[in-house]
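Let me begin by presenting the structure, written as structure tokens, before commenting on it.
The values are calculated or read from the model by the stated rules, or taken from the named source; none is laboratory data. Predicted model only: the values in this text are computed from it and were never measured. Cβ sites come from the backbone with ideal geometry, for glycine too, and all protein chains shown count toward neighbours.
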């Protein structure tokens, strides 16, 4: 009688990146130093001045400093961050999931409003009113910020955490850092939800481009609505 082989379970996928797990934590430490500097500058009343000047570009590019240091030390090719091609169906899926995410975010913002707490939209609208010119703030927020943030939080951080802890834990952990890095308690949950969505899109495509495109759309919509609210007060809720 032939002995039947016991069924085998498929092995878990193995994710590999050309940097060490410790490098993710070093990157987080350097990111924390950058955020401490930003909080210090904001406490001295420099926030509005920076937001309406070209200095904002340098502030945003500072988020790439940890990558420059780590990749130079490890001799990592930047292509490993995920600049390859992707299937456009991934972007379509992301748009559908974004619609669901916005429903949750609207409920969150509604709860904050009932509690008398300012939402992220309220804060951005107030910033627009404080700016003499919103040009640099909009350009950086719509174009540069999505590119830099997707490279760091998904291309670097999520990939590294995915290798060490699996993609689900990696998505949750990198999204929590993404939310905290925005330095705004009321924006943590919406930013965390967006981070999980963008991490999932990276996981599906192994490319930063779907996340960058969707991130640009999200920021463009949010900033346009907030700016329109300053021009038509009382007409557009934020």
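Observations on the model:
- Residue-level check: of (1) in contact with a helix residue (DSSP H, G or I) (Cβ under 9 Å, 6 or more places away or on another chain); (2) closer than 24 Å to residue 29 by Cβ; (3) at pLDDT below 95, residue 223 misses just (2).
- The residue list 72, 54 contains one member that is exposed (fewer than 15 other Cβ atoms within 10 Å of the Cβ) and modelled with pLDDT of 95 or more, which is 72.
- Residue in segment 165-177 that is within 20 Å of residue 143 (Cβ to Cβ), touching a residue at least 60 places away in the same chain (Cβ under 8 Å) and over 14 Å from the mean Cα position of the chain (by Cα) present: no
- Out of 148, 196, sole residue that is at pLDDT 95 or above, within 16 Å of residue 67 (Cβ to Cβ) and either touching a strand residue (DSSP E or B) at 6+ places or on another chain (Cβ under 7 Å) or crowded, with 17+ Cβ neighbours inside 10 Å (or both): 148
- Residues located in segment 75-114, provided they are free of Cβ contacts under 8 Å to residues at least 60 places away in the same chain, closer than 30 Å to residue 26 by Cα and surrounded by 12 or more Cβ atoms within 10 Å (Cβ to Cβ): 76, 78
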